[in-house]
Structure formats: structure tokens, C-alpha cells
1. Can you say whether V2 is β-branched (V, I, T) and at pLDDT below 95, as far as the supplied structure shows?
2. Could you tell me which numbered condition T92 fails, if it satisfies all but one of (1) touching a strand residue (DSSP E or B) at 6+ places or on another chain (Cβ under 7 Å); (2) hydroxyl-bearing (S, T, Y); (3) at pLDDT 95 or above; (4) open to solvent by 30 Å² or more (accessible area, probe 1.4 Å)?
3. L138 - would you say it is open to solvent by 80 Å² or more (accessible area, probe 1.4 Å) and either touching a strand residue (DSSP E or B) at 6+ places or on another chain (Cβ under 9 Å) or under 30 Å from A31 (Cα atoms) (or both)?
4. If you take the residues of region 141-164 that are closer than 29 Å to L41 by Cβ and open to solvent by less than 20 Å² (accessible area, probe 1.4 Å), which of them is nearest to the chain's Cα centre (by Cα)?
Amino acid sequence: MVPMSASPESTQPEQPTEQNEETMREFLSPAQHLTYDKISLWIYEIFGESAKELPGLPIFGVALGSAFAVVQVAAWQNDARIVTRAYLTSSTEITPEVMRDLLRLNDTMPFGAFGLDEAGDIFYQYTAIGSTCDRLELETMVKTVVQIADEYDDYIIEHYGGDYALTGAW
């Protein structure tokens, strides 16, 4: 937090408040900051000790069972996005059959979609708009992502090979 300058009535400048460096986060917009503050309360109410914050970034990790989801608050236009992602596999050979199967599966998903990151790792992701997201939607989003990741990592490895993605590495 940047200390405010002294008011004209004050004779001494305001002292900066002491903050642990790990808890300082940079936000790209006021909407991102508001959304982060809103969901940070809910994350701990819903998931308790299963939730952890990534120091310095607007990101949480949530471990449920054998699956792990990352919840990121990202600036987006005049609002913010809440992006929940769980990695399923790494080292799966990305063939036309894998791509076709993931796209077909996307058509059956009620929310979210499968995707590939730059390294070719397969993930499942669900995105919500920050200003309209409520506690129930956040809970549903995280639980859905974790449940689908837990179910489909086995399916992908059984049918196409690869390794289970690292989960809860932080």
C-alpha cells in the first residue's frame, strides 16, 4: 500500500504501515483489486485450510482430494475475470485424435472447457466475470473444475498416455 501524503492540517507525514512483502500484491485495475478482496474471504470460508494464497500475486490454490485448482483474478476490460484452472496431464502426445476427443468433450461440459497450455499440458478451465460472481458461483466453479480434473486425468492417461500433472506444488 502506498502511504497517503500528509493532509494540510497535519504537521508530520503519515507513516507507511508495516506490511509483509509476501502479502503485497500488484493489481492492474480497481476492479481486479475489488474482485480479489471479495473472493479472498469466500475462498477461505468455503475451502478452509485447503486454500492457499500465492505470495505477491492475485492467485489462490485449492487442493481437494487428489486434485488441485488454481484460482486467478485477472484484470479484464472494465471488470475482472476469475479463472479457475486444474492441470490434468503432462507429456500426453497431442495427436489429432486427442484434440478431437477434447473438443467433443467440451461440447458435453456444462461449464468450462479443456485446453492446452504452451507446453502442451492438458488443463480444464472455467472463467467467471468478477463483478457478477457470487459465493455460490465461486464454490461451484472451483468444485466443478476439481471434479472434472480428477475424473478426466485418468481417462486421458488411459486412452492417450502421458503423466499426471503435478498438483499442489506450492
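The values are calculated or read from the model by the stated rules, or taken from the named source; none is laboratory data. Predicted, not measured: the structure shown is a model, and the values here were computed from it. Backbone-built Cβ (ideal geometry, glycine too); neighbour counts: all protein chains shown. Heads up: the accessible areas ignore ligands, DNA and RNA and are worked out on the full protein's heavy atoms, side chains in. Shrake-Rupley method; radii C 1.70, N 1.55, O 1.52, S 1.80 Å.
1. So V2 fits the description; yes.
2. Tallying (1) touching a strand residue (DSSP E or B) at 6+ places or on another chain (Cβ under 7 Å); (2) hydroxyl-bearing (S, T, Y); (3) at pLDDT 95 or above; (4) open to solvent by 30 Å² or more (accessible area, probe 1.4 Å), T92 fails exactly one: (4).
3. When the stated conditions are applied, L138 does not pass them.
4. Taking the candidates together, the pick is V142.
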